[in-house]
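Please treat every number below as a calculation from the coordinates, not as lab data. Every value quoted in this text rests on a predicted model; they were computed, and no experiment measured them. Note that we place each Cβ from the backbone using ideal geometry, even for glycine, and neighbour counts take in every protein chain shown.
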Amino acid sequence: MKILITGATGYVGKQLLKKLLKNDNLGIVALVRDIKKAKESLKTSKIQYICSKDQQWKNQVQQFNPEIVIHLAAYLTSNDDESSIEKLINANITFGSQLLEALKKCDLKLFVNTGTFAEYDQDYSLSPSYYYAATKTAFRSVLKYYQKLNSFKILHAIPYTIYGREHEGKKVMDYLFEAQNKEIKMTLGEQKLDFIHVDDVIRFYDLVIKHYNEITENEEVMFLGTGNGTTIREVANIIEELCHRKLHIIWGGLQYRPSDVMYAVAPIEKNHLSFWRANISLKQGIVKYWEQ
């Protein structure tokens with residue numbers, strides 16, 4: 001099975017590659033912006049690389065002829081200033097469109113598109129909360145256009161609040177654990193979020209590859225969450241209880257941003273693919289985070 005991955009040097013991409021490289025039946029190509037940096041970051045010689053800045057990259061994709069594409073690459077920001085808009089469109093719409101154009105000549109079976117929970121409102125209708133989410137939603141229309149030309153299946157993966165170690169940028173969970181040792185300013189912490197451990201997310205992509213034949217609909221959506229909502233304050237209380245340490249948090253020290261999503265819990269009852277569900281509870285995940 002030939003797998004092409006974008007965003008391989010990102011938080012999820014790096015850990016997914018570690019998982020996939022254990023399967024000797026997979027041929028893997030990482031489509032990256034800088035091969036030298038990618039090799040330094042991924043530290044493996046078991047995969048091939050294609051540089052998206054190379055003028056011949058589309059031909060190289062066609063020569064590889066992937067059967068499954070795992071599309072993780074994205075530019076993420078909550079800003080919508082002129083500079084950010086240009087970067088968001090280039091990374092989240094233009095690059096994906098160019099990739100799909102190259103894939104027209106390939107025997108593509110499945111395109112796994114990674115979206116965001118911020119594309120949805122509380123009724124789980126598409127209603128992007130900010131410009132980044134809007135670009136992810138717009139890309140769906142591009143995907144549908146190319147699907148008509150090439151007859152591949154589309155699977156939209158919608159991760160909720162991912163947490164776990166081994167990433168460069170700080171997430172909510174990182175700030176909460178950091179508050180064990182120093183004072184951290186946070187909002188009032190009323191956001192109710194669905195915390196999904198990165199290991200469960202990685203397992204999803206791995207199972208998609210193993211069970212791709214079970215995807216019978218032309219377009220599917222999988223909401224990657226536990227189905228349980230927990231406020232940030234409640235998470236802080238759980239950490240204090242499990243780790244027996246007081247968190248030094250100034251609640252209300254930061255104002256909510258206009259784009260902050262106050263409720264984001266995965267509607268797992270809408271998931272039609274039975275081969276995956278989250279296995280790691282929030283308490284188990286917090287212990288796992290602490291031990292790492």
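Structure values in brief
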{"item": "On Cα atoms only, tilt of 131-150 relative to the major axis of the chain in degrees", "result": "30 degrees"}
{"item": "The stretch 38-104: radius of gyration and largest Cα-Cα distance (Dmax), Å", "result": "14.1, 40"}
{"item": "Rg/Rg_globular for the stretch 79-125, with Rg_globular taken as 2.2 N^0.38 Å and Rg from C-alpha atoms", "result": "1.50"}
{"item": "Violating pairs (Cα-Cα greater than 24 angstrom) within the set LYS153/LYS192; LYS171/LYS283; LYS14/LYS246; LYS53/LYS109; LYS87/LYS136; LYS87/LYS171", "result": "LYS153/LYS192; LYS14/LYS246; LYS53/LYS109"}
{"item": "Translational D in µm²/s for the stretch 1-112 (Stokes-Einstein at 37 °C, 0.692 mPa s, Kirkwood Rh from C-alpha pairs)", "result": "226 µm²/s"}
{"item": "Calculated from backbone phi, Karplus (6.51, -1.76, 1.60) coupling profile of the stretch 216-222 in Hz, x at Gly/Pro", "result": "9, 6, 5, 9, 10, 10, 10"}
{"item": "Protection-proxy order for peptides 51-61, 277-287, each taking the mean of Cβ atoms within 10 Å per residue, highest first", "result": "277-287, 51-61"}
{"item": "Full-extension gain in nm, SER141 to ASN213, via 0.36 nm per residue minus C-alpha separation", "result": "23.5 nm"}
{"item": "Percent RCO, i.e. relative contact order, over the chain, from Cα pairs under 8 Å lying at least 6 residues apart", "result": "17 percent"}
{"item": "C-alpha center-to-center spacing [the stretch 100-179, the stretch 1-61] in angstrom", "result": "19 Å"}
{"item": "Residue pairs, from the table LYS170/LYS288; LYS58/LYS105; LYS22/LYS104; LYS36/LYS288; LYS19/LYS39, whose Cα atoms sit over 21 Å apart", "result": "LYS22/LYS104; LYS36/LYS288"}
{"item": "Cα gyration tensor shape of the stretch 112-196, rounded if a/c is under 1.5, else prolate or oblate by comparing a/b with b/c", "result": "prolate"}
{"item": "Rg to Rh, two decimals, where the stretch 141-267 supplies the alpha carbon set and Rh follows Kirkwood", "result": "1.08"}
{"item": "Summed residue charge, Cβ within 12 Å of THR226's Cβ, Lys/Arg positive, Asp/Glu negative", "result": "0"}
{"item": "The chain - mean residue ellipticity at 222 nm from DSSP helices (-39,500 (n - 2.57) per run, n ≥ 4, rounded to 500)", "result": "-10500 deg cm²/dmol"}
{"item": "Stretch gain in nm, segment LYS182-ASN25, where the contour uses 0.36 nm per residue and the Cα spacing is subtracted", "result": "51.8 nm"}
{"item": "Separation of the LEU242 and LYS270 label points, Cα + 7 Å toward Cβ, nm", "result": "2.7 nm"}
{"item": "Top positive-direction residue, dipole computed over the stretch 165-292 with Cβ charges, set MET173, GLY225, VAL208", "result": "MET173"}
{"item": "Percent RCO, i.e. relative contact order, over the stretch 1-141, from Cα pairs under 8 Å lying at least 6 residues apart", "result": "24 percent"}
{"item": "Environment charge of ARG140, counting only residues whose C-beta is closer than 10 Å and scoring Lys/Arg +1, Asp/Glu -1", "result": "0"}
{"item": "Kirkwood hydrodynamic radius (C-alpha pairs) into Stokes-Einstein, the chain, 10 °C and 1.306 mPa s, D in µm²/s", "result": "79 µm²/s"}
{"item": "Spherically averaged projected area of the stretch 205-254 from its Cα convex hull (nm²)", "result": "6.5 nm²"}
